[in-house]
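Every number here is computed from the coordinates shown, using simple stated rules; none is lab data. All figures in this text were calculated on a predicted structure; none of them were measured in a lab. Here the Cβ positions follow ideal geometry from the backbone for every residue, glycine too, while neighbour counts run over all protein chains shown.
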Amino acid sequence: MLVQRISRDDPERAFIVVRADEAGVDRGWTVSWKADGTRNGIDVLQTDAVADIALICGIAHTDIANGDYGLAQCYGYDDDVIVLKSATALARGNPLIFSSLKSCWAESSASAPNGESIHAQIAAMSTLATSTGAATDRLPCFLRFM
Amino acid sequence: MLIQRISRSDPERVFIVVRADEAGCDRGWTLSWKADGTRNGIDVLQCDAVADIALMCGMAHTDIGNTDYGLAQCYGYGDDVVILQSNTAYARGNPLIFSSAKSCWAETSASAPNAQSVHAQVAAMSTLATSATSQTNRLPCFLRMM
């Protein structure tokens, strides 16, 4: 695990080292543990199935080719998380939910914060305008996957 | 990020370095990322709005003056978390919810743990008697904000 030393200039972030076990583990996409008994806790896949959601471990920090090792960010400020841009705008502080539509994070009015203790895995740290068609985009977010 | 070395005598704790962007970021109060595009992931505000809840990042470890840098605790045992003392007593293990009444943590019987995996951000680690009037107080708690 990579945890940066004390700094006033850089946002706090933590990274884990992972091995991509398929193509498509690219920068900003969410990754999950593969968990097939071989290199458990090391191999990751792009999160694109319901069974992957509870095994989400981070956001790919760079493009990681199939069979290569790279970094996934598991905590802190990330400026390029892949999110779903749709007919609903994103506002600062929106907790996001994982959408199977495009295998990425999306706004959900159902999960809007109330008085309860919401432990959102990802929250928007910027706004995002609406889109007439569902498409992916990149958004600054706060990650909490640890 | 500050992670202490292995110790048998001190509780495990993790701190992040933050910059207060307003007055009121005092010891024991809950902080959230400001997220206005300037020093994202560094600037914090006191958590006192609904939109702040999903962006909670820790408890102020000391009083942090406006525009000063300081530490926020994001994991482990915090012995002076500001909570709401009202006509409901606190018991050890109570998961807490964030209360808009005083912008701090409060007891709730509604969120008592059951067979499900409760991932409370803050849980009481001590008891606290009732108070005829609602007021803030300080309580030892377990913080899980990473």
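Of note:
- DSSP beta bridge pairing in the protein assembly as shown, given as percent antiparallel to the nearest 5: 90
- Shielding of peptide A:134-141 by partners, expressed as the average count of other chain Cβ atoms within 10 Å per residue Cβ, is 1.
- Peptide B:66-79 is shielded by partner chain Cβ atoms: per residue, an average of 1 of them sit within 10 Å of its Cβ.
- Peptide packing: for A:122-128, B:86-92, A:101-107, the average count of neighbouring Cβ atoms within 10 Å per residue gives the ranking A:122-128, A:101-107, B:86-92, highest mean first.
- Whole-Hz couplings from phi, Karplus 6.51/-1.76/1.60, listed for region B:18-35; x for Gly and Pro: 9, 10, 6, 10, 6, 6, x, 7, 9, 3, x, 8, 7, 10, 10, 5, 6, 6
- Checking the Cα-Cα distances for A:Lys85/B:Lys34; A:Lys34/B:Lys34; A:Lys34/A:Lys102 against a 31 Å cut-off, the pairs over it are A:Lys34/B:Lys34.
- Rounded, prolate or oblate (a/c below 1.5 giving rounded, otherwise prolate when a/b exceeds b/c) for region A:1-116 by Cα gyration tensor: oblate
- Net charge of neighbours whose Cβ lies under 13 Å from the Cβ of B:Gly37, counting Lys and Arg as +1 and Asp and Glu as -1: -1
- Cα convex hull of the protein assembly as shown - mean projected area over all directions, nm²: 16.0
- Seen from B:His61, the other residues with C-beta closer than 12 Å to its C-beta sum to a net charge of -2, counting Lys and Arg as +1 and Asp and Glu as -1.
- Applying both filters, DSSP loop and at most 16 other Cβ atoms within 10 Å, to the trypsin sites (Lys or Arg not before Pro) of region A:26-67 gives A:Arg27, A:Arg39.
- Amide hydrogen neighbours beyond the local backbone of B:Met125, cut-off 5 Å, H modeled: B:Gly93, B:Cys141, B:Phe142
- Three-way shape label, region B:1-95, alpha-carbon gyration tensor, a/c 1.5: oblate
- Across peptide B:35-45, the average count of Cβ atoms from other chains found within 10 Å of a residue's Cβ is 5.
- Only beta bridges with both residues in chain B are counted; by DSSP, about 90 percent of them are antiparallel.
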